[in-house]
Each structure stands twice: as C-alpha cells, then as structure tokens.
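Quick notes on the structure that follows.
The values are calculated or read from the model by the stated rules, or taken from the named source; none is laboratory data. Only a predicted model underlies this, so the values are computations on that prediction, with no experimental measurement involved. Please note: Cβ atoms are built from the backbone with ideal geometry, for glycine as well, and neighbour counts cover all protein chains shown. Each accessible area value is taken on the protein alone, full model and side chains, heavy atoms only, with ligands, DNA and RNA left out. Shrake-Rupley method; radii C 1.70, N 1.55, O 1.52, S 1.80 Å.
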Amino acid sequence: MPKYKGKRVNVTFPVEIYEQVAGLATDETRTVSQMVVVLCQEAIAAREKKQEKTQ
C-alpha cells in the first residue's frame, strides 16, 4: 500500500471549533485530521468559486 505523502502541520484550535469538527468527523466516520482536510478543501473551493464570480 502506498504511503500517504501529505504535509504535516500542528494547529491549535479554539475548543469550540475543535468540538464542532470532531462532531462532524464522528457523523461522517472520519478522523478529526481527515475532517480538517475535507473542510479545508471545501473552503478553498468556495473561495475559488467566489473569486471567479467577482472577476
């Protein structure tokens, strides 16, 4: 099995945000780390779409 070649970063979240992310992760049967990646991907896509509309 190929090893995941992502970058690792330490992030400190406010407790409230961590709890929200952890809840979403549980709902989707993901780890918190995986959920953070998904949320980042969604946020980046939304920003790119917003920028396209303003150009």
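The table below lists the values:
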quantity	calculated
Protein accessible area in the chain, 1.4 Å probe - carbon and sulfur %	55 percent
Label selected from (1) -0.64, -0.84; (2) -0.76, -0.97; (3) -0.58, -0.80, the criterion being log10 I(q)/I(0) by the Debye sum over Cα atoms at q = 0.18, 0.23 Å⁻¹ as computed here	(2)
Proximal charge balance of Gly23 [Cβ under 14 Å; K/R count +1, D/E count -1]	-3
Ranked by how many other beta carbons lie within 10 Å on average, peptides 23-34, 43-54 from highest	23-34, 43-54
Helix-only mean residue ellipticity at 222 nm for the chain, each DSSP H run of n ≥ 4 adding -39500 (n - 2.57), per residue, nearest 500	-22000 deg cm²/dmol
R0 of 35 Å, Cβ-Cβ distance Glu19-Lys49: FRET efficiency to nearest 0.05	0.80
Rounded tilt (10° steps) of 15-27 against the dominant C-alpha axis of the chain	80 degrees
Crossing angle, helix 32-54 versus the chain [Cα axis fit, 0-90 degrees, rounded to tens]	0 degrees
Solvent exposure of the chain as accessible area per residue, Å², 1.4 Å probe	101 Å²
